[in-house]
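Just below is one structure, and these are the notes that go with it.
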Amino acid sequence: MPIRVQTEDFDCSREIAQLRAADPGIGAVVSFLGAVRDINDGTAVTAMELEHYPGMTENALEEIVSQAKRRWDIVDALVIHRVGPLRPLDQIVLVAVASAHRGDAFAACEFIIDYLKMDAPFWKKEQTAAGARWVDARVADAAALEKWERNLPEKT
C-alpha cells in the first residue's frame, strides 16, 4: 500500500507500471488523477497552496486504503498527494487501484478518493485576484461520502 505525501511531481505512467508489476494476477488498474483548475466557484485561480499535518495525513490515508481493502477484493492501492505551492494544470493527487477484475478496482478507487476529499487532513488555500482564500469542503463531497455510509459493501 504505497502512500506518499510529497512536494515533487510524479509520473502517472511510471507509478501505475510499478503497481502492476507487483503481481501478475492484476487484471485491472483504475486510476484517478486530480489537477489544479484555473477557475473555482467562478473565480480565476492563479495558484494554490496545499498544507497537511505530517504523520497524521499519512495515517489517515493508510486507514482509508485499509478500509477499501476490507470491502473490495483488491490487490493493492497507491495514493500520492502533493503539498506545497501549485499552479493551474499541476497534478495534485493520484489514486490507483489494482485488482483481478475491474468492478472492484472502480469501486475501491472511487471510495478512496471520496474519503480522501473529506477525511484526510489537507488544507487548500487558493490565490485569486481578490487575494488568498481557504477552500471549504464541497456539499457534493459530503454527499459522496454519505452514499458510501449508506451502502458500504463488505468483501465476501
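Some values worked out for this structure:
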quantity	calculated
Sequence ranges 92-105, 25-38, ranked by mean other-Cβ count within 10 angstrom, highest first	92-105, 25-38
Cβ-derived FRET efficiency at R0 22 Å, Leu33 paired with Thr128, nearest 0.05	0.40
Local electrostatic count, Trp123, Cβ distance below 13 Å [Lys/Arg +1, Asp/Glu -1]	0
Global geometry of the stretch 1-77, whether rounded, prolate or oblate, following the gyration tensor of its Cα atoms and the 1.5 cut on a/c	prolate
In nm, spacing of pseudo-spin labels at Asp9 and Arg70 (7 Å Cα→C-beta vector)	3.8
Euclidean distance between Cα centres, the stretch 27-104 to the stretch 106-122, Å	7
Leading residue at positive end of dipole, the chain (Cβ point charges), from Ala107, Ile80, Met1	Ala107
Sequence ranges 53-63, 69-79, ranked by mean other-Cβ count within 10 angstrom, highest first	69-79, 53-63
Cα-centred dipole magnitude for the stretch 3-150, charges only on beta-carbon of K, R (+1) and D, E (-1), debye, nearest 20	180
The chain: Rg to Rh, with Rh as the Kirkwood radius over Cα pairs	0.98
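We did not get these values from a lab; they are worked out from the coordinates using the rules stated. These numbers come from a predicted model, not from an experiment. Glycine gets a Cβ as well: all are built from the backbone with ideal geometry, and neighbour counts include every protein chain shown.
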